[in-house]
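Engineer: Okay, here's the structure, questions in a sec.
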Amino acid sequence: MTGFWQAVVFAVEVLLPSVLMMLLGWFLGRTKQIDHHFSAQASKLVFNYGLPLLLFTNLYGNDIQYQQQAVLLAAGVTSTLILFIGAELYAARFVPDIRDKGVFVQGVYRSNMGIMGLAFVQNAYGDAGLAAGAVYLGVVTIFFNILAVITLSRSASASLAQKLKSFGRNILTNPLIVAIVSALLLQQFQVPVPKLLLATAGHIGHISLPLALICAGATLNLSGIRFSDLALHSSIGRLLVAPVVAVLTALAFGLGGIPLGVMFLMTATPVASASYVMARAMGGNEVMAANIVGITTLGALIPAAAGIVLLRSWGWM
């Protein structure tokens with residue numbers, strides 16, 4: 001088998017499991033076997049317990065290469081900042097409504113790392129990639145939220161101090177960040193965790209990504225998507241521009257192999273659903289935010305697959 005076809009097979013192995021689980025969720029939702037109430041409750045279970053335990057067990061049980069992680073994190077933050085500044089400049093020139101500006105910007109830089117990104121990384125690299133992805137997720141998620149407060153604050157009624165206070169509280173109580181920091185501290189200071197607890201946490205963690213993908217498919221509302229120009233432009237920035245910027249930034253930082261793959265796979269995803277939540281909470285155009293989530297969810301797979309095939313055939317990931 002030639003290198004190109006090996007890359008195609010690799011792309012299918014990375015993406016197809018996630019696609020099938022979302023399709024299963026869509027089917028279960030359309031046939032009324034699960035409803036929005038179930039999906040909402042299951043998503044809370046995943047966010048509060050499943051994903052934190054998945055990240056904790058993978059970080060605690062793997063040898064973290066801190067020097068390599070530092071370079072990966074610096075590249076991730078730099079890539080996000082480039083996208084943020086570029087989107088802000090575009091919004092200043094081409095987005096007239098103040099309620100649309102921050103929503104447009106979020107749509108470009110904010111990827112769905114917690115569900116789609118981690119699922120892609122796990123399919124591609126297994127537990128080793130998941131450990132690297134967990135650290136990346138924790139740090140870049142904090143940066144995502146800082147930038148969201150900045151870009152959405154122009155359309156919010158609360159004061160900047162109130163927004164920052166709320167942001168700080170959300171970060172300190174975020175289950176994913178608490179799990180990541182706890183795992184890193186326990187591993188760093190070699191604090192033993194009973195195998196029975198780790199095994200139980202592992203079992204709970206392993207259901208989180210499949211369940212999250214099923215719920216995402218079940219709640220996907222295709223008929224509610226409206227393809228406005230701004231939503232489409234933001235979606236193009238998310239699906240096409242962002243992965244290219246991520247790869248170029250990774251190469252500029254000297255990354256390759258799993259680190260570059262992690263950075264690409266974490267970026268080549270739809271916009272995070274949290275962008276809709278923050279837009280609604282801070283006075284942004286929540287309808288436009290929901291449309292960007294829908295458009296990028298539908299459109300993410302083709303550019304992600306093309307990117308995986310190219311990067312894999314070139315030997316970069």
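The values are calculated or read from the model by the stated rules, or taken from the named source; none is laboratory data. Since we're looking at a predicted model, the values are computed, not measured. Note that we place each Cβ from the backbone using ideal geometry, even for glycine, and neighbour counts take in every protein chain shown. Areas reflect the complete protein model, heavy atoms only, side chains present, ligands, DNA and RNA absent. Shrake-Rupley method; radii C 1.70, N 1.55, O 1.52, S 1.80 Å.
Engineer: Would you mind telling me which numbered condition in (1) within 22 Å of residue 266 (Cβ to Cβ); (2) surrounded by 17 or more Cβ atoms within 10 Å (Cβ to Cβ); (3) modelled with pLDDT under 90 residue 39 fails?
Structural biologist: (1)
Engineer: Can you tell me which residues in region 1-26 are open to solvent by less than 100 Å² (accessible area, probe 1.4 Å) and farther than 19 Å from residue 125 by Cβ?
Structural biologist: Passing the criteria: 2, 20, 22, 23, 24, 25, 26.
Engineer: Let me ask something else about it. Keeping to region 226-259, report how many residues are among the β-branched types (Val, Ile, Thr) and under 15 Å from residue 300 (Cα atoms). Reasoning before the result, please.
Structural biologist: Step one: list which residues in region 226-259 are among the β-branched types (Val, Ile, Thr), which gives 236, 241, 244-245, 247, 249, 258.
Checking the rest, the ones that are also under 15 Å from residue 300 (Cα atoms) come to 236, 241, 244.
The qualifying residues number 3.
Engineer: Looking only at region 205-238, count how many residues are touching a residue at least 60 places away in the same chain (Cβ under 8 Å) and open to solvent by 70 Å² or more (accessible area, probe 1.4 Å).
Structural biologist: 7
Engineer: Is it the case that region 260-273 has a residue that's open to solvent by 30 Å² or more (accessible area, probe 1.4 Å) and part of a helix (DSSP H, G or I)?
Structural biologist: No, that holds for no residue.
Engineer: Kindly list, by first and then second residue, each pair from a residue in region 72-94 that is over 19 Å from residue 152 (Cβ atoms) to a residue that is among the β-branched types (Val, Ile, Thr) and open to solvent by 20 Å² or more (accessible area, probe 1.4 Å), limited to pairs with Cβ atoms under 6 Å and residues at least 6 apart or on different chains.
Structural biologist: Partner pairs satisfying both residue conditions: 73/139; 79/245; 82/245.
Engineer: I'd like to know if region 292-299 contains one or more residues that are among the hydrophobic types (A, V, I, L, M, F, W, C) and within 22 Å of residue 125 (Cα to Cα).
Structural biologist: In the first step, residues of region 292-299 are kept if they are among the hydrophobic types (A, V, I, L, M, F, W, C); the result is 292-293, 295, 298.
Then drop every residue that is not within 22 Å of residue 125 (Cα to Cα), which leaves none.
Within region 292-299, not a single residue is among the hydrophobic types (A, V, I, L, M, F, W, C) and within 22 Å of residue 125 (Cα to Cα).
Engineer: Can you find even one residue in region 93-100 that is outside any helix (DSSP H, G or I) and either among the β-branched types (Val, Ile, Thr) or within 21 Å of residue 251 (Cα to Cα) (or both)?
Structural biologist: yes
Engineer: I would also like to ask the following. Among (1) free of Cβ contacts under 8 Å to residues at least 60 places away in the same chain; (2) more than 21 Å from residue 271 (Cβ to Cβ), where does residue 24 come up short?
Structural biologist: Every condition holds for residue 24 apart from (1).
Engineer: Would you check which residues across region 169-204 are under 18 Å from the mean Cα position of the chain (by Cα), without any contact (Cβ under 8 Å) to a residue 60 or more places away in the chain and open to solvent by less than 60 Å² (accessible area, probe 1.4 Å) and list them?
Structural biologist: 171, 174, 177
Engineer: Which pairs do you get when a residue that is part of a loop (DSSP other than H, G, I, E, B), found in region 32-45, comes within reach of a residue that is hydroxyl-bearing (Ser, Thr, Tyr) and open to solvent by 50 Å² or more (accessible area, probe 1.4 Å), reach meaning Cβ atoms under 8 angstrom, with the pair 6+ apart or on two chains?
Structural biologist: Hits for this filter: zero, empty list.
Engineer: Let me ask something additional. What are the residues in region 282-305 that are in contact (Cβ under 8 Å) with a residue 24 or more places away in the chain, farther than 14 Å from residue 225 by Cα and part of a helix (DSSP H, G or I), if any?
Structural biologist: 301, 303, 304, 305 - these are the residues of region 282-305 that are in contact (Cβ under 8 Å) with a residue 24 or more places away in the chain, farther than 14 Å from residue 225 by Cα and part of a helix (DSSP H, G or I).
Engineer: In region 42-73, how many are touching a Pro at 6+ places or on another chain (Cβ under 6 Å) and either farther than 22 Å from residue 271 by Cα or open to solvent by 20 Å² or more (accessible area, probe 1.4 Å) (or both)? Write out each step before concluding.
Structural biologist: Here is the first cut: in region 42-73, the ones touching a Pro at 6+ places or on another chain (Cβ under 6 Å) are 48, 52, 72.
Retained after the next criterion (residues that are either farther than 22 Å from residue 271 by Cα or open to solvent by 20 Å² or more (accessible area, probe 1.4 Å) (or both)): 48.
Residues in region 42-73 being touching a Pro at 6+ places or on another chain (Cβ under 6 Å) and either farther than 22 Å from residue 271 by Cα or open to solvent by 20 Å² or more (accessible area, probe 1.4 Å) (or both): 1 in total.
Engineer: Out of curiosity, is residue 76 in contact with a Leu (Cβ under 7 Å, 6 or more places away or on another chain), closer than 27 Å to residue 215 by Cβ, open to solvent by less than 80 Å² (accessible area, probe 1.4 Å) and not β-branched (Val, Ile, Thr)? Please lay out each step first, then the result.
Structural biologist: Values: in contact with a Leu (Cβ under 7 Å, 6 or more places away or on another chain): no; closer than 27 Å to residue 215 by Cβ: yes; open to solvent by less than 80 Å² (accessible area, probe 1.4 Å): yes; not β-branched (Val, Ile, Thr): yes.
Here the answer is no, as residue 76 does not meet what is asked.
Engineer: I'd like to know if region 80-99 contains one or more residues that are at pLDDT 90 or above, of a type in the set (Asp, Glu) and open to solvent by 70 Å² or more (accessible area, probe 1.4 Å).
Structural biologist: no
Engineer: Suppose we filter 244, 277 for residues that are open to solvent by 50 Å² or more (accessible area, probe 1.4 Å) and either aromatic (Phe, Trp, Tyr) or at pLDDT 95 or above (or both); which single one remains?
Structural biologist: 244
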